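The values are calculated or read from the model by the stated rules, or taken from the named source; none is laboratory data. Values in this document were obtained by computation on a predicted structure and should not be read as measured data. Every residue, glycine among them, receives a Cβ derived from its backbone with ideal geometry; neighbour counts consider all protein chains shown. In case anyone asks, the SASA skips ligands and DNA or RNA and just uses the protein heavy atoms, side chains included. Shrake-Rupley method; radii C 1.70, N 1.55, O 1.52, S 1.80 Å.
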Amino acid sequence: MRREASEALFEKSKSLFPGGVNSPVRAFRAVGGSPLFIEKGEGAEITDADGNTFLDFCCSYGPLILGHAPEEVKKAVQEACERGTTFGAPTRLENDLAELIISNHRFLEKIRFVNSGTEGTMSAIRLARGYTGRDKIIKFEGCYHGHADGLLVEAGSGLATLGTSSSAGVPENYAKETIVLPLHDEDAVRKAVEKYKGEIACIIIEPIPANNGLLLQGKDYLSFLREVCDQEGILLFFDEVISGFRVGFEGAAGYYDVKPDLLAFGKIIGGGLPVGAYGASAKIMGHIAPDGPVYQAGTLSGNPVAMAAGIAQIKACLKDGFYEELAKKTTYFVDAINHYSSSKGYAFKVFSVGSIFWLSFSDKAIVNRSTDISPEGMDLFKTLHHELLDQGIYLGPSGYEVGFISRAHTEDQLNKAIEAFKNALDKTFTA
Ligand SMILES: *Cc1c(COP(=O)(O)O)cnc(C)c1O
């Protein structure tokens, strides 16, 4: 495979950006080698600067639930651009996207648009503190909630991959307000809320933790958190930046039928453009400026081009049978690989929910805590990742990342990918 053009671009980008990239996991440090520079995407495929084409299971880490450059999103973006790209004044498009979401989501009465998932979670944490008058928050090991200071305490894939548990530059006093607990451990939660009684504003969780492997928690555990929060006057905060509009229109909250008090979104909501959001009941959202005392603002928030992309994508997600079809394709793909792997006795299993999947190098039937993930498996992932690239399959360049299946992935493409996985697994486990 030719790599000259990507390598030359990377040489240049290293002189321009730290590590040559604008987001760390893109640097390929976890798998070695240099990143592919992408020229274009169409449907489920991407083409790099050297003209190599890959079937894409990274899907920009989640936003592209319709695949690359879907017709309806392209058209909506082009039309919106014709009318001007930003006004700093409200537009009809913000109403339209908000109404589409709120009228189809049981747990939202009001939302606020921002520009990224990070901004969504960061702002909602401020709201939780402003609403409850409490400072501390609980988060879980292996859950990633964006890069706001107080949330960079034991975060997900990027950090786990680089082997640090926290970031430099975060004042100890901020980190002190974040209590980090292991996932799926009721006792740890009970002890923490007892110890810090009346001090905890919210419990933030990825209800489907998907930034450090796929650590499925299940309905019972989320219902337990709901109960604890009700007893202690704590807000339950579901960070649905990945799971929102992904495992169903109502995300994990709808999938497990557990009601959160606060929600954050990103990725899919913007149709491939930079959009985030947070939302809650009208009562809680009433604390946000200008209605209330919690300040939060944004020059480009609710940007009309991004809203148009979001509307087009969200409408496609609302079509009858959309999520059933995605889940069916994913199950077909995952079952075929798992069947092959177990017939060969490989310590390898693909976990999945909805159209999210994760490659686990473990014999364990259940993986729901970050300590369940064997670091040794990441060496095997390195080999597998490069074998798959050679066969035209693109995955996120870290074994802690999940993969995604989009509307654009065809049965024919999935069959080819299954064969590629079989070959790559054989090479990985017999090397
Ligand atoms: C991606 C992600 C974020 C951060 O979103 P950005 O748009 O990258 O800032 C926050 N929470 C979760 C669960 C995510 O997956």
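Quick rundown of the values:
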| item | result |
| --- | --- |
| Around GLU119: net Lys/Arg minus Asp/Glu count, Cβ-Cβ under 12 Å | +2 |
| Candidates TYR323, TYR295, TYR61: whichever shows maximal mean-square fluctuation once the chain is modelled as a Gaussian network with Cα springs under 10 Å | TYR295 |
| Lysines with Cα under 26 Å of LYS12, excluding same-chain neighbours fewer than 8 positions away | LYS40, LYS382 |
| Most fluctuating residue given options ALA98, ALA408, ALA89, as computed from a GNM of the chain linking Cα atoms under 10 Å | ALA89 |
| Calculated over the range 71-317: convex hull of Cα atoms, volume per residue (Å³) | 125 |
| Surface share of carbon and sulfur [accessible, 1.4 angstrom probe, percent] for the chain | 50 |
| Listed residues MET285, MET1 arranged by accessible area, highest first, probe 1.4 Å | MET1, MET285 |
| Rounded to whole Hz, the Karplus (6.51, -1.76, 1.60) HN-Hα couplings of the range 275-282, x for glycine and proline | 9, x, 7, 9, x, 5, 5, 4 |
| Peptides 36-44, 348-356 ordered by average Cβ neighbours within 10 Å, highest first | 348-356, 36-44 |
| Choice from GLN296, GLN78, GLN231 showing the highest fluctuation, given a GNM over the chain with Cα pairs closer than 10 Å | GLN231 |
| Gained length - LYS195 relative to GLU72, 0.36 nm times residue gap less alpha-carbon distance | 39.1 nm |
| Sequence-distant lysines (8 or more away, or on other chains) whose Cα lies within less than 16 Å of LYS259 | LYS110, LYS219, LYS283 |
| Shape of the range 1-141, Cα gyration tensor, a/c cut at 1.5 | oblate |
| Over the range 71-317, relative contact order from alpha-carbon pairs under 8 Å, at least 6 apart, % | 31 |
| Sequence of GLU250, GLU240 from largest to smallest accessible area, 1.4 Å probe | GLU250, GLU240 |
| Computed [θ] at 222 nm, helices only, for the chain once each DSSP H run of length n ≥ 4 contributes -39500 (n - 2.57) | -12000 deg cm²/dmol |
| Global size of the chain as Cα Rg and Dmax, reported in angstrom | 21.2, 63 |
